[in-house]
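The values are calculated or read from the model by the stated rules, or taken from the named source; none is laboratory data. If you're wondering where the values come from, they're calculated on a predicted model, not measured in any experiment. Every residue, glycine as well, gets a Cβ built from its backbone with ideal geometry; the counts of neighbours run over all protein chains shown. Note: accessible area is taken over every heavy atom of the protein model, side chains too, but ligands, DNA and RNA are not part of it. Shrake-Rupley method; radii C 1.70, N 1.55, O 1.52, S 1.80 Å.
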Amino acid sequence: MVFTDLTFLFGFLPVVWLLYRLVAKTKLANFYLLIASLIFYGWGGLRSLAILILVLVWNYLAAGRIGLEEDPEKRKKVLFLAVGVNLAVLFFYRYLGVWFGGLSGQLANLPKLMPVGLSFYLFSCLSCLFDVASNRCLAPSSLINFGVYAAFFGRVNMGPIGHYARFEEQLTSHPVTRAKSAQGMSLFLQGMLRKVILADNFALLYGTINGNTTWLGNLLLGFAYFFQLYFDFSGYSRMARGLALLFGFQIDPNFNLPYTAASVQDFWRRWHISLTDWFRDYVYIPLGGNRVSANRWRINILCVWLLTGLWHGAALPFIVWGLFQGGLILLEKEYLNAGLKKLPAVISHLYLILTQLIGWTFFSSPSLMLALTRIGRYFAIGISEFADYAATFELFGNLGLFFLAILLSSGLSVLLAQMFKKQLKGKWQFWNTLGWIGVLIVCISFLVSATARTFLYAAF
């Protein structure tokens, strides 16, 4: 079950939320949420549910053992064992079949059996282990509360990745208020708009133009994925935050207008913020961060980005994508920062767009050779011609889609909303509500017509 299933929208969510209002102020609130979350996750298969439950129990017990161990060396050994088991589960499903699938058909089939959201909830569990081991917080005292932290249905499939020490207090107190509910509904609808109206239509464009070897067609293909990925995942993240608010939880934003950044470093402070923070807190800083020699620091940066690429996938294009991002960050820190600051804002922004267009081309391509071929076509290398009828038709047929994408990804939509709010004054609430009802109707019509697609990050 995903957030755009009609079963979820008109069955699971309203029933679970209305019943939760009856138990929200009782000691049964978190138990109820955990059961609802397990039902939500188990909808996709009992095997996946069993793995999720085993992971939750193992990490709860491991965190408790780490918290009880006073000897630093023994605590470190318990931590290594606990982390090792988690990584072994991830390796078994995600990497074993990709890297060694040629040895056996059964091994090659393993990635298809991977539980949805495995890397997301495993990383959330690892956060708890690391936070307890470093004395940032106490070990969880309740398996139910820990289960809600790691398996809450609002983010178990695709995050944002949890940071236990930051979230711990909310597990014992997350009151539902009218303000939270209103904000939650607004965020959920904003996310649905991004997913159903934008991401899914860019997915259609990507599928239609895929294989076009003209310069224009290849550029449309690149930007179709460029926007599809952003609105797919940022849309999901808004929906997750909205759902969390409906049940009283506050989840930090996972995106902050990343395509308005003027450097790759700034981009990664704005894109998939929970993952960037996770690698900073639990990999980069423990490796020594920037408080080491220059060469060791460079290795730390590349190590973090190699692991970031591997987190997204085991195939070579993901690894190259990760090293590409790490290499750009090193270049900026050592050579380009001063120059980028002196450039006109438009030029530095175009630099960011170009680098990320190239990056997402690695990310979206099934092979490294195809990625390099597509990147070459951006620079008119290996194109069949400048444009053909199909590419021109798709460009003009999707101008409205690109306009809306730029409006939302640039933040101009927020400025327009503020302007209309001032102009309409007392009538703003009425028109704003009416507008979101219209968005909901349009989204439902897309869903009913079966043009909606699964979330891209479900694969990660």
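What to note about this one:
- Lone unmet requirement of (1) in a helix (DSSP H, G or I); (2) open to solvent by 20 Å² or more (accessible area, probe 1.4 Å) for residue 232: (2)
- Residue list for the range 189-202, restricted to those being in contact (Cβ under 8 Å) with a residue 60 or more places away in the chain and open to solvent by 10 Å² or more (accessible area, probe 1.4 Å): 189, 193, 194, 197, 201
- Residue within the range 152-160 that is in contact with a helix residue (DSSP H, G or I) (Cβ under 7 Å, 6 or more places away or on another chain) and either more than 21 Å from residue 252 (Cβ to Cβ) or without any contact (Cβ under 8 Å) to a residue 60 or more places away in the chain (or both) present: no
- Any chance residue 413 is in contact with a Pro (Cβ under 9 Å, 6 or more places away or on another chain), at pLDDT 85 or above and not aromatic (Phe, Trp, Tyr): no
- Taking the criterion of being touching a residue at least 60 places away in the same chain (Cβ under 8 Å) and open to solvent by less than 40 Å² (accessible area, probe 1.4 Å), the residues of the range 348-364 that qualify are 348, 352, 353, 355, 356, 357, 360, 361, 363, 364.
- Any hit, the range 125-136, residues being under 15 Å from residue 62 (Cα atoms), open to solvent by 20 Å² or more (accessible area, probe 1.4 Å) and part of a loop (DSSP other than H, G, I, E, B): yes
- Every listed requirement among (1) open to solvent by 10 Å² or more (accessible area, probe 1.4 Å); (2) part of a helix (DSSP H, G or I) is met by residue 149 save one, (1).
- Checked against (1) open to solvent by 30 Å² or more (accessible area, probe 1.4 Å); (2) charged (D, E, K, R); (3) farther than 24 Å from residue 432 by Cβ, residue 281 passes all but condition (1).
- Subset of the range 152-170 (residues that are surrounded by fewer than 22 Cβ atoms within 10 Å (Cβ to Cβ) and closer than 20 Å to residue 69 by Cβ): 165, 168
- Once the range 35-79 is narrowed to residues that are among the charged types (D, E, K, R) and part of a helix (DSSP H, G or I), the residue that is surrounded by the fewest Cβ atoms within 10 Å (Cβ to Cβ) is 73.
- Taken together, the criteria place residue 440 among residues that are in contact (Cβ under 8 Å) with a residue 60 or more places away in the chain, open to solvent by 60 Å² or more (accessible area, probe 1.4 Å) and not in a loop (DSSP other than H, G, I, E, B).
- Tally of residues being part of a helix (DSSP H, G or I) and open to solvent by less than 30 Å² (accessible area, probe 1.4 Å) across the range 391-400: 1
- Looking at 8, 3, just one residue is modelled with pLDDT under 95 and in a helix (DSSP H, G or I), and that residue is 8.
- The range 369-388 - residue that is surrounded by fewer than 16 Cβ atoms within 10 Å (Cβ to Cβ) and hydrophobic (A, V, I, L, M, F, W, C) and, of those, farthest from residue 324 (Cα to Cα): 386
- Inter-residue pairs, beta-carbon under 8 Å, first within 20 Å of residue 308 (Cβ to Cβ) and in the range 326-347, second open to solvent by 40 Å² or more (accessible area, probe 1.4 Å) and modelled with pLDDT of 90 or more, 6+ apart: 326/302; 326/306; 327/302; 330/298; 330/302
- For the range 367-390, a residue qualifies if it is in a helix (DSSP H, G or I) and of a type in the set (Gly, Ala, Ser), and the qualifying residues are 371, 376, 390.
- Among the residues listed as 403, 420, 430, 446, the single one being more than 27 Å from residue 260 (Cα to Cα), without any contact (Cβ under 8 Å) to a residue 40 or more places away in the chain and in a helix (DSSP H, G or I): 430
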